[in-house]
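All remarks here apply to the structure that follows.
The values are calculated or read from the model by the stated rules, or taken from the named source; none is laboratory data. Everything numeric in this text was worked out from a predicted model, so none of it was measured. Neighbour counts are summed over all protein chains in view; Cβ atoms, including those assigned to glycine, are modelled from backbone coordinates with ideal geometry. Heads up: the accessible areas ignore ligands, DNA and RNA and are worked out on the full protein's heavy atoms, side chains in. Shrake-Rupley method; radii C 1.70, N 1.55, O 1.52, S 1.80 Å.
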Amino acid sequence: MSTGSYSGGGDDEASAPRVLLVVSSTAVPFPVRSTAREVLEDHGYDVVETVLDDAQAQLADLSPAVVAGFELCAVVGGLTVGPQPDVADALRSVLTAPLPGVVDMLRGVQVETGYARAVFESPAAGWLGGALAVTLPAQREVLAESLAELVAAHAEVRGYASEHPSAFEVVPPGAETAADLPEDENRPDATILRMPRPTAPPDNPLV
């Protein structure tokens, strides 16, 4: 995934939070890309932009290592309203931890902006390692409003992360096992058993 750097400039550039602005395809109009970059730079981000030629395959190759050094990864365009897979499905498949609250926040902003398609799209948002990764529609006004709300929320999280860095440490899947858990001080010989699930009564199949 090749990138081209577009920096916000200024004396504090070296310490500015970095964002990977991922344009889903060359079909995304340049004014849309420009809007995204301007909003991010206006909020103090150092922007690195990349344009994909096979979004679903390339997004499926994303990993925490790829976005290391970035605090935000914003994917613009490529969302669909139908059942076919889109960029959100590809991003969702590699997220370290999904953030449904961010999806709800962005959808609310987009609906208020008059973007009715937001209720039919299924965007993705979550942590990709230490970076916040999201998908956004390629509509200038909607994109601008969504990013403005997103970076405001992200600023609060960045402040919290600076004070509680251990809360954002990534634990590889399976790294913590039963052997890693502390013993019960009162019952050092205690074990955790998987209890059988109660059988649901025949007249209540939903339990």
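If we sort 65-73, 44-52 on the protection proxy, mean other Cβ atoms within 10 Å, highest first, what's the order?
Working: 65-73: 17.3, 44-52: 19.4.
Per-residue Cβ counts within 10 Å, averaged per peptide and sorted highest first, yield 44-52, 65-73.
Less than 9 Å Cβ to Cβ from GLU71, Lys/Arg counted +1 and Asp/Glu -1: what total charge do the surrounding residues give? Mind dumping the intermediate values first?
Values: positive: ARG18, ARG158; negative: none.
Here the charged neighbours net out to +2.
Where the accessible area of the range 23-94 is counted over protein heavy atoms with a 1.4 Å probe, how much of it, in %, is carbon and sulfur? Kindly include the intermediate steps, with their values, before the conclusion.
On the way: 1630 of 3040 Å².
The value for the range 23-94 is 53 percent carbon and sulfur by accessible area.
What do the square roots of 5 times the Cα gyration tensor eigenvalues come to for the range 27-99, in whole Å, largest first, as semi-axes of the equivalent ellipsoid? Display every interim value, and only then the final one.
Details: eigenvalues 87, 60, 25 Å².
Its equivalent ellipsoid spans semi-axes of 21, 17, 11 Å.
Multiply the residue separation of GLU141 and THR80 by 0.36 nm, subtract the distance between their alpha-carbon atoms, and state the gained length in nm to one decimal.
Values: separation 61, 0.36 × 61 = 21.96 nm, distance 1.81 nm.
Separation in residues times 0.36 nm, less the Cα-Cα distance, equals 20.1 nm.
Give me the net charge for the shell around SER122: Cβ to Cβ below 13 angstrom, other residues only, Lys and Arg +1, Asp and Glu -1. Write down the numbers at each step before the final one.
Details: positive: ARG92, ARG107, ARG117; negative: ASP86, ASP89, ASP104, GLU121.
Taking every Cβ under 13 Å from that of SER122, the sum is -1.
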